[in-house]
Structures are given as C-alpha cells and as structure tokens.
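Remarks on the structure that follows.
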Amino acid sequence: MNFLRLPFLVKLTLVVVSIIGLGYLLALGQSILAPFFLAFLMAMLFLPAATFMERKLRFPRSMSTMTSVFIMLMILGGIIYFFTNQLSDFSKDLPHLKEQFTTVFNSLQHWVSKTFNVKVDEQVDYINQGLTKLLSSSGVILGFTFGIFSTGFGFIIFFTLFFIFILNYRRLLNNFIVTVFNERHKASVQEAVNEIRIMTKKYIFGLFLQVIIVSVLTSTLLTILGVKYAILLGVLTGLLNVIPYLGIFISLLISCFIAFATSTPSTCIYVALGYIAIHAVDGNIVLPFVVGSKVKINALFSFIGILLGEHLWGIAGMFLCIPAIAIIKIICERVDDLKPWGRLLGEEPKPHKKKKSYKISKNITLKEMD
C-alpha cells in the first residue's frame, strides 16, 4: 500500500498515532535511551581518534576503544574536579557572602519602604511565609536531591558501557543499518549513513568549540568587572549555553546574584549588558561559524525541543534535544519525502539580492549621459 495515496485523514491519524507511540516509548525508556544517545554522540566525537589508533598505531579494536574510554573519563574527571574545587572555595566564602547579601538586602528593604510605602516588618512577614512554605517541603527537596545523585551515578555507568559497546561494535551496527534495507538501495543508504556520521561529528565538535569560546568570553567579562568566581561562572555559562535561550538566561541570573552579593548593584547591570552582548556574538558569529548553518535549528523548534526534552528526559533531555533535532534534520534533508520537514526545522533562507542592471541604449547621446 502506497502511503502517499491514502486519504489525508488516514495519513494524519497514522502520523499522530506514530508520534504519540514514539513519545511514550521515549519517556518509558528514559533511563536507557538518554545515556545511549549521549554515548552515541560522544562515540561520533571520538571516532576519528579510535580510527587513527587502529590504522596508524596498529591498535586492536578493544585497545583503541579502552584508550578512548580512558581519555573520555580523564576529561570528565577533570571537569568534575574543577567544579568540586571551585565549589569548595565557594562554600568557604558562604558566611562572607551571607553578610554582604544581608547588608545589601537591608538597604534594598529601606529603599522599598521609602518608595512603595511597604513597612519593613511587612516585608519580613512575606519573606517568612515563603521560607515556611519552602521548609515545609524540605523532605521533597531532599528526596529530589538524592534522586538526582542516584540517577546521575546510574546515568554515568550506563553511558560508559554504551560508549564502549558503540565504539567496539560500530562496524557491526553500520552493516546492520545498510543491510536492513533493500539491496538496490544499499549504495545510497551507505552514502547517507556516512554523510550523517560526518555531519554529526562536525556538529558535536562545533558544540564543544562553542562551549569553550563562550566560557572564555564570559570568564574574561566577569574578571574585568571584578566578579568573584569568574572562571566558575564562565565555565557554567558555557555548559548551560548548550540549552538555547534558557541556558544563557539561567546563567545570567546566577551571575547577577553572585555580583549582587559580592559587589555593587551597578555591577549587576554591567553583567547583564555583557551577557546580552556575548549572546549576540554567540548567536550571530560563533554559532554559524563553528556549528554551521546546515544543521542550525530555528528558534521555534529549538524552544519546542527544549520543552519536550525536559518533559521526556528531564535535565538530560534539555541538553540532548538540540543534537537530536539536528540529526533528525540531517536525515530529513537526505530523504526526498521528508525534505519539507528538514526545511521546516532549519532557518529561513535569506533572499538573494538581485543586482540591478542598467542597460544603456546605443542612441543615448553624450549630453544625456552627463
């Protein structure tokens, strides 16, 4: 049965049922699919290194895989050590930050009292009510925190195992994808798989470059402004920037809070303006240059992807949704029937400016040309 010849309502029903079923399966397999997809992305990033070790250094497949795992774990351990070290220094300064924040907050209370005629006692009552509600849900907060740590530990274990298996059995997986289709489509399928692998590798590598560039720009900005923990906040901003729009906004709030507690309120304004400038540079210069316009997702579907990713896979889904949409866009652009969907996910093409042509008649005199 040809799908294109079916009535519109039948095709719409099949598409909606397929989307609902796929979403249900994604939500059901969160604990397995989320680390598997992240391991797939990292395997694409480490694939050139593993291939180099096998072809040039004559490493066996198992040794090249374990070497790649060791390098990845070293990088991950370095990131964890960096954040642990920075957070330990941050915890030592918490009493000092509390004193500064209390001083600034008291000044803000008096300003609110004079400007809006709200007494300080009433402000304290509002704050106490909010704290009471927050403390009443402390059991929920502790359970949520424990769940994050326990889930994160399991996530790392599954991610490492999937990374090993994908790198070690990549040839078997590639042969399966090619041979599962009809023999006459074997060449075109192999070509599509190679193109998807190359573009996915470039896209993931571009994201890592984007994280580094944004981290350096933000750390430099905060250092110039004299904000404490500039490097910690810069690296955090670079990592959160993987989440489009929401990530830079969350990091802006954190940086403004630290600047407000450790410096003057005017510094918060400079931090906000600097973040807006960095976001503009990132969106208009860094992102098109290091990631490329071929896999750039438009703002509408980026935001929808973030919401769906958070709903399906939580925080991990917010980070993984954009690479997933980019891969879907790559696949859609290489399948004739799905090309409209690929164009829908991408940016709107810029209209080409037509050069004006001026034709000069042979009968125009020199006086008319003057």
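Does at least one position in the stretch 256-266 carry a residue that is out of contact with any helix residue (DSSP H, G or I) (no Cβ under 9 Å at 6 or more places or on another chain), hydroxyl-bearing (Ser, Thr, Tyr) and either surrounded by fewer than 20 Cβ atoms within 10 Å (Cβ to Cβ) or closer than 23 Å to residue 319 by Cβ (or both)? Break it down into steps so the answer makes sense when it comes.
Step one: filter the stretch 256-266 for residues out of contact with any helix residue (DSSP H, G or I) (no Cβ under 9 Å at 6 or more places or on another chain), giving 266.
Now narrow it down to the ones that are hydroxyl-bearing (Ser, Thr, Tyr): 266.
Subset that is either surrounded by fewer than 20 Cβ atoms within 10 Å (Cβ to Cβ) or closer than 23 Å to residue 319 by Cβ (or both): 266.
Yes - at least one qualifying residue is present in the stretch 256-266.
Got a sec? Which of 307, 312, 239 is open to solvent by less than 60 Å² (accessible area, probe 1.4 Å), assigned to a helix (DSSP H, G or I) and closer than 30 Å to residue 28 by Cβ?
Of 307, 312, 239, the one residue that is open to solvent by less than 60 Å² (accessible area, probe 1.4 Å), assigned to a helix (DSSP H, G or I) and closer than 30 Å to residue 28 by Cβ is 312.
Considering every residue within the stretch 291-302, establish whether at least one is touching a Ser or Thr at 6+ places or on another chain (Cβ under 9 Å) and open to solvent by 70 Å² or more (accessible area, probe 1.4 Å). Before you say what the answer is, go through the steps one by one.
Residues of the stretch 291-302 that are touching a Ser or Thr at 6+ places or on another chain (Cβ under 9 Å), as a first pass: 295.
Okay, now just the ones that are also open to solvent by 70 Å² or more (accessible area, probe 1.4 Å), so none.
No, there is no match, as no residue in the stretch 291-302 is touching a Ser or Thr at 6+ places or on another chain (Cβ under 9 Å) and open to solvent by 70 Å² or more (accessible area, probe 1.4 Å).
Determine whether the stretch 245-258 contains at least one residue that is outside any helix (DSSP H, G or I) and over 20 Å from residue 220 (Cβ atoms).
So far as the stretch 245-258 goes, yes, one or more of its residues are outside any helix (DSSP H, G or I) and over 20 Å from residue 220 (Cβ atoms).
So, in the stretch 292-304, exactly how many residues are within 20 Å of residue 317 (Cα to Cα) and either at pLDDT 80 or above or assigned to a helix (DSSP H, G or I) (or both)?
First, pick out the residues of the stretch 292-304 that are within 20 Å of residue 317 (Cα to Cα): 295-304.
With the extra rule that they be either at pLDDT 80 or above or assigned to a helix (DSSP H, G or I) (or both), the set shrinks to 295, 299-304.
Counting residues in the stretch 292-304 that are within 20 Å of residue 317 (Cα to Cα) and either at pLDDT 80 or above or assigned to a helix (DSSP H, G or I) (or both) gives 7.
Looking only at the stretch 49-72, count how many residues are exposed (fewer than 12 other Cβ atoms within 10 Å of the Cβ) and in contact (Cβ under 8 Å) with a residue 60 or more places away in the chain.
1
Taking the stated definitions as given, is residue 40 crowded, with 16+ Cβ neighbours inside 10 Å and either over 13 Å from residue 159 (Cβ atoms) or touching a helix residue (DSSP H, G or I) at 6+ places or on another chain (Cβ under 9 Å) (or both)? Talk me through it step by step, then tell me what you get.
Working: crowded, with 16+ Cβ neighbours inside 10 Å: yes; either over 13 Å from residue 159 (Cβ atoms) or touching a helix residue (DSSP H, G or I) at 6+ places or on another chain (Cβ under 9 Å) (or both): yes.
Here the answer is yes, as residue 40 does meet what is asked.
I'd like to verify a number: residues in the stretch 153-188 that are surrounded by 12 or more Cβ atoms within 10 Å (Cβ to Cβ), of a type in the set (A, V, I, L, M) and more than 27 Å from the chain's Cα centre (by Cα), how many?
So the answer is 2.
Are there any pairs with C-beta distances below 6 angstrom linking a residue in the stretch 159-185 that is free of Cβ contacts under 8 Å to residues at least 60 places away in the same chain to a residue that is part of a helix (DSSP H, G or I) and surrounded by 14 or more Cβ atoms within 10 Å (Cβ to Cβ), with the two at least 6 apart or on different chains, and if so which?
177/193; 178/189; 178/190; 181/189
Among the residues of the stretch 278-286, are any surrounded by fewer than 17 Cβ atoms within 10 Å (Cβ to Cβ), without any contact (Cβ under 8 Å) to a residue 12 or more places away in the chain, out of contact with any strand residue (DSSP E or B) (no Cβ under 8 Å at 6 or more places or on another chain) and under 28 Å from residue 35 (Cβ atoms)?
no
Can residue 275 be described as open to solvent by less than 40 Å² (accessible area, probe 1.4 Å), among the aromatic types (Phe, Trp, Tyr) and either touching a strand residue (DSSP E or B) at 6+ places or on another chain (Cβ under 8 Å) or touching a residue at least 60 places away in the same chain (Cβ under 8 Å) (or both)? Don't jump to the end; show me each part of the working.
Working: open to solvent by less than 40 Å² (accessible area, probe 1.4 Å): yes; among the aromatic types (Phe, Trp, Tyr): yes; either touching a strand residue (DSSP E or B) at 6+ places or on another chain (Cβ under 8 Å) or touching a residue at least 60 places away in the same chain (Cβ under 8 Å) (or both): no.
No, not satisfied.
For the stretch 205-224, give me each residue that is within 16 Å of residue 267 (Cβ to Cβ) and surrounded by 18 or more Cβ atoms within 10 Å (Cβ to Cβ).
Narrowing the stretch 205-224 to residues within 16 Å of residue 267 (Cβ to Cβ): 218-224.
Within the stretch 205-224, 218, 219, 221, 222 meet the criteria.
The values are calculated or read from the model by the stated rules, or taken from the named source; none is laboratory data. These figures come from a predicted structure and were not determined experimentally. A quick note on method: Cβ atoms are made from the backbone with ideal geometry, for glycine too, and the neighbour counts reach across all protein chains shown. To get the accessible areas, we keep the full protein, side chains included, count just its heavy atoms, and leave off ligands, DNA and RNA. Shrake-Rupley method; radii C 1.70, N 1.55, O 1.52, S 1.80 Å.
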